[in-house]
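Written below as structure tokens is the structure these notes are about.
Quick note: the coordinates plus some simple rules give every number you see, no bench work behind them. Note that this is a predicted model, so its numbers are computed, not measured. Cβ placement follows ideal geometry from the backbone for every residue including glycine, while neighbour counts extend to all protein chains displayed.
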Amino acid sequence: MADTGKVVLITGGGSGMGREAARRFAAEGATVALFDVNTAGMAETVGTFDSIHSWTVDMTDFPAVCAAVREVEEQLGPVERLYNCAAIMPFGKLVEQDNAIIHKQMAINYGGLVNITQAVLPGMLQRGRGDFVSFASMAGLIPMLLTGAYTASKFAVVAFTETLYHENRDSGVRFACVCPPAVATPLLQQGKDTAWPRMLDSQSAPIKPRIVIEAVEDGLKRGKFFIFPTRDSKIGALMRRLLPGLIWKQVHQVEGF
């Protein structure tokens, strides 16, 4: 972050991308608020940083999210940057996956974004400034066998964030929708513990979280809305738009069904 002293709110701050971002921004002088249901994980994120603060919040509970945002702004100041990282990622065939798990992914991955948006963005719009960073995924652009529920939630994240940007593009708030490939965070283990697609093993190794965060910072400075952290992700987005049938052909060949 170019400016120190800003208040950054990070959902999913108990591990992975949220933890990486929190520690980076705190080291740069920002005040950081974490939201997560993982209280122990957030304590690890906080570590020895006096400038990182945590709230145990269920992102699917809109009144609780709103109450927590009010507390953050009363105690720390107005939220000037939002990093919405909260997500879950269990995989499986759609007709076989537990019905409740499919709905839970949509409730957290998409519903959580809706909730934090309506709790935080009005204040940013009123002040005429702020950074709104929504973490989608390449899965939000390219569907894949065995990842249907997760992919559907990330498609929703992309559509919601893109519309949100266009509805408020002259507001002074900067918007970014981040679409990384697989990232080396604990989230990947949820997929591996359920129904890991061979297609993911055929791709490049998961990238480090810092690469994604650096891409976000660069994208915000350059006024980019869609942020693709790697060359492969940029190519994948282009191929999805131009040659969707070719991508599906490759997916079926790799998965074997």
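If you go through segment 197-240 and keep only what is charged (D, E, K, R), in a helix (DSSP H, G or I) and over 17 Å from residue 132 (Cα atoms), you end up with 198, 201, 210, 231, 232, 234, 240. Would you confirm whether or not segment 17-34 contains a residue that is among the acidic types (Asp, Glu), farther than 18 Å from residue 130 by Cβ, touching a residue at least 60 places away in the same chain (Cβ under 8 Å) and in contact with a helix residue (DSSP H, G or I) (Cβ under 6 Å, 6 or more places away or on another chain)? Yes; the residues of segment 17-34 include at least one that is among the acidic types (Asp, Glu), farther than 18 Å from residue 130 by Cβ, touching a residue at least 60 places away in the same chain (Cβ under 8 Å) and in contact with a helix residue (DSSP H, G or I) (Cβ under 6 Å, 6 or more places away or on another chain). Of the residues making up segment 11-66, those that are among the hydroxyl-bearing types (Ser, Thr, Tyr) and either closer than 23 Å to residue 212 by Cα or outside any helix (DSSP H, G or I) (or both) are 11, 15, 31, 45, 48, 51, 54, 56, 60.
Filtered by the rule that a residue be out of contact with any strand residue (DSSP E or B) (no Cβ under 8 Å at 6 or more places or on another chain) and within 18 Å of residue 109 (Cβ to Cβ), segment 119-136 gives a lone residue, 119.
Kindly indicate the residue of segment 55-83 that is β-branched (Val, Ile, Thr) and more than 19 Å from residue 124 (Cα to Cα) and also farthest from the chain's Cα centre (by Cα) among those meeting that condition. Break it down stepwise before answering.
Here is the first cut: in segment 55-83, the residues β-branched (Val, Ile, Thr) are 56-57, 60, 65, 69, 72, 79.
From what's left, more than 19 Å from residue 124 (Cα to Cα): 56-57, 60.
Working: 56: 18, 57: 16, 60: 15 Å.
Checking each candidate, the answer is 56.
If you go through segment 125-176 and keep only what is in contact (Cβ under 8 Å) with a residue 60 or more places away in the chain and either acidic (Asp, Glu) or surrounded by fewer than 19 Cβ atoms within 10 Å (Cβ to Cβ) (or both), you end up with 131, 162. Among the residues of segment 1-53, the one identified as of a type in the set (Lys, Arg) and either buried (at least 24 other Cβ atoms within 10 Å of the Cβ) or under 21 Å from residue 108 (Cβ atoms) (or both) is 19. Scanning segment 221-246 for residues that are over 15 Å from residue 179 (Cβ atoms) and of a type in the set (A, V, I, L, M, F, W, C), we see that the one that is surrounded by the fewest Cβ atoms within 10 Å (Cβ to Cβ) is 242. Being of a type in the set (S, T, N, Q), farther than 20 Å from residue 136 by Cβ and outside any strand (DSSP E or B) is true of residue 194.
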